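First up is the structure itself, then whatever we jot down about it.
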Amino acid sequence: MSTQLTNPSNEAIIRIASPRPRCTSWDVAPAVIVNAREDRQPGADPSARDLLREDELRYFQKNGNNATIFIHGFNVPYGRFSHHVQLFDWGHDILRNQTIAPRLSYNDKFATTYRDRDTLARQYRRWQERYPHLYAGIDLENLNGSDGHNWFIHMEDNLNRATGLFNRDDYRKFTRMIHLAWSGDVFALDYMAAESRANDAGFVLAGLIDQLVGAGIAVNIIAHSLGNRVLLVAMNLLGQMPGRLECIAHAFMWQPAVPDTALSSDPGKDSSVLRNWNFIHAHRAAKKIVVLHSNRDNILGPHADDQSFQEDLAAGEWREALSGKMGGIYNVATIAGAPGTEVISSPTRAPVQKASNWIQDNLPRIEQALQEEIARDGNGLFTDHLLPRRYEYALPGLGAMFYGQRITREMAVDSMKTFRALARTEYENKKPRPAMGYEGPEIENDLFVRRMRDEGKLALVNQNLWLFSHSGMRIPSDLLFAKVYQDRIMALLLDSTGFGAYR
């Protein structure tokens, strides 16, 4: 007998019918999660760390010497994996001389790969045919975990299937991704608080990428929604680090909930109220940047037409339907650079005006403190210990200085320019820049971004005909899967770094 168990399962039932049985099983590598959340608990969660373990690095080195990182978006809790199921109570009651009806139930082992009813049917079809109530104790609608972990399972499954060489039957070449979890789950309109947390996660991501590149591993990244701020923060830091020029092979920005000017090399293009979207070095960290956008995404913008509104209703996307009628939650939450709670309860310009007044009063002290810190530090790097711990509330709008724990002299000078400009600015209500994920990056009035596109460094993917909701890529339609996952993402990976062992 030769049986290859190529479908992940908690258990395998093998009946020996030969004096010389032979069984080969393949182990699927454990899921790889880097939990960079503020509320992480290192003692309780082994994923609560900033870097990979040595055994994880070896896995990616041996599995094609490449790694793909996924960053979830705004308002996604951490969640958890579901559990494997297994047969209980099956056998024969000798005393009563009757068969014991088996049942499926959860055990204590986490299930980290995609499952559905078909998955269980492949494992337990014969049992289910004989015992119709076999699945009674299983929640078939929630086999794939919750929240962020549900995203991780679906993205891994989607990317593996996009290779065209994986169909959930044979997991021998199944490729793990690296999933970055961050604290983006705030009140839906408190976009500002999520931005601040994305800054912290971006610093972790920069260190993670640096570790992978230092180990000789090619890096690809897929970021969704506000996860693209995490990505931009990391890219902006890496773009200033020696030896890290174009260290990211592909940066896929999927429905980025960031201003359409965020890729510009001109800090003057940042017209956001808080001047906190300057990522002028970000382009230097990636060989190729792919922006995937759709104006059918009504979290990021208004309904393009009445058909878009009707599509949301027909699909049961009530949140998107309401958001589109409001002009897009993204626009509402960023209209004054203030948390949604403040937009609702006070004039939209008040929080920013308060920040401007604070800086006007304290600008000399800030400049003196920065200069003294620089003078004391010999290597040009210093920490932000002079700043309040919750600076995102006390000092909104202070710009790029705060997205890293360590900054350079050059960054300090840029920050001082931001401080001076903020102190001189008269604030008024402003319409925010459109989201990049709605209509793509601003190209018409930005020669630098236009040149990146013309030279092939920047690729734009218009998904208006395929993507009809902000998170539609988690469980994609067949058309979206073919047009984007296969034709726009996996085709690039297979032609360059590969995706795990797939080439």
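Points worth noting:
- Residues being polar (S, T, N, Q), touching a helix residue (DSSP H, G or I) at 6+ places or on another chain (Cβ under 8 Å) and either farther than 14 Å from N464 by Cα or not in a loop (DSSP other than H, G, I, E, B) (or both) - total across the range 295-331: 2
- Of all residues in the range 445-469, those satisfying the criterion of being within 19 Å of Y330 (Cα to Cα) and either over 24 Å from the mean Cα position of the chain (by Cα) or modelled with pLDDT under 95 (or both) are F468, S469.
- Being more than 25 Å from A482 (Cα to Cα), touching a helix residue (DSSP H, G or I) at 6+ places or on another chain (Cβ under 8 Å) and either modelled with pLDDT under 85 or not small (G, A, S) (or both) is a property that holds for F60.
- Just one residue in the set A111, A188 is more than 24 Å from I209 (Cα to Cα), at pLDDT below 90 and out of contact with any Asp or Glu (no Cβ under 6 Å at 6 or more places or on another chain); that residue is A188.
- Checked against the criterion of being assigned by the TED database to the domain that holds A234 and either in a helix (DSSP H, G or I) or under 23 Å from A285 (Cβ atoms) (or both), the range 162-175 has at least one qualifying residue.
- Listed conditions (1) closer than 22 Å to H470 by Cβ; (2) in a helix (DSSP H, G or I) are all met by I221, apart from (2).
- A single entry from N150, N75 fulfils the requirement of being at pLDDT 95 or above, crowded, with 16+ Cβ neighbours inside 10 Å and either within 32 Å of the chain's Cα centre (by Cα) or in a loop (DSSP other than H, G, I, E, B) (or both): N150.
- Residue in the range 434-491 that is nearest to L263 (Cα to Cα), counting only those that are buried (at least 20 other Cβ atoms within 10 Å of the Cβ) and of a type in the set (F, W, Y): Y438
- Scan the range 26-71 for residues that are in a loop (DSSP other than H, G, I, E, B), under 28 Å from R172 (Cβ atoms) and small (G, A, S) and the total you get is 4.
- Qualifying residue in the range 282-299 (condition: surrounded by fewer than 19 Cβ atoms within 10 Å (Cβ to Cβ), over 28 Å from E156 (Cβ atoms) and modelled with pLDDT under 95): no
- Filter result for G73 (touching a Gly at 6+ places or on another chain (Cβ under 6 Å) and in the same structural domain as G202 (by the TED database)): yes
- Complete set of residues in the range 300-323 that are surrounded by 24 or more Cβ atoms within 10 Å (Cβ to Cβ) and not assigned by the TED database to the domain that holds S471: E320, S323
- Conditions (1) at pLDDT below 90; (2) in contact with a helix residue (DSSP H, G or I) (Cβ under 7 Å, 6 or more places away or on another chain); (3) within 26 Å of V484 (Cβ to Cβ); number of the one not met by D170: (2)
- Total residues in the range 455-471, condition closer than 16 Å to E311 by Cα and without any contact (Cβ under 8 Å) to a residue 60 or more places away in the chain: 1
- Candidates I209, I222 - the one that is within 11 Å of G73 (Cα to Cα) and modelled with pLDDT of 95 or more: I222
- Residues in the range 116-147 that are under 30 Å from T99 (Cα atoms), in a helix (DSSP H, G or I) and not aromatic (F, W, Y): R117, D118, T119, L120, A121, R122, Q123, R125, R126, Q128, E129, R130.
The values are calculated or read from the model by the stated rules, or taken from the named source; none is laboratory data. All values derive from a computational prediction rather than experimental measurement. Cβ: placed from backbone, ideal geometry, glycine included. Neighbour counts: every protein chain shown.
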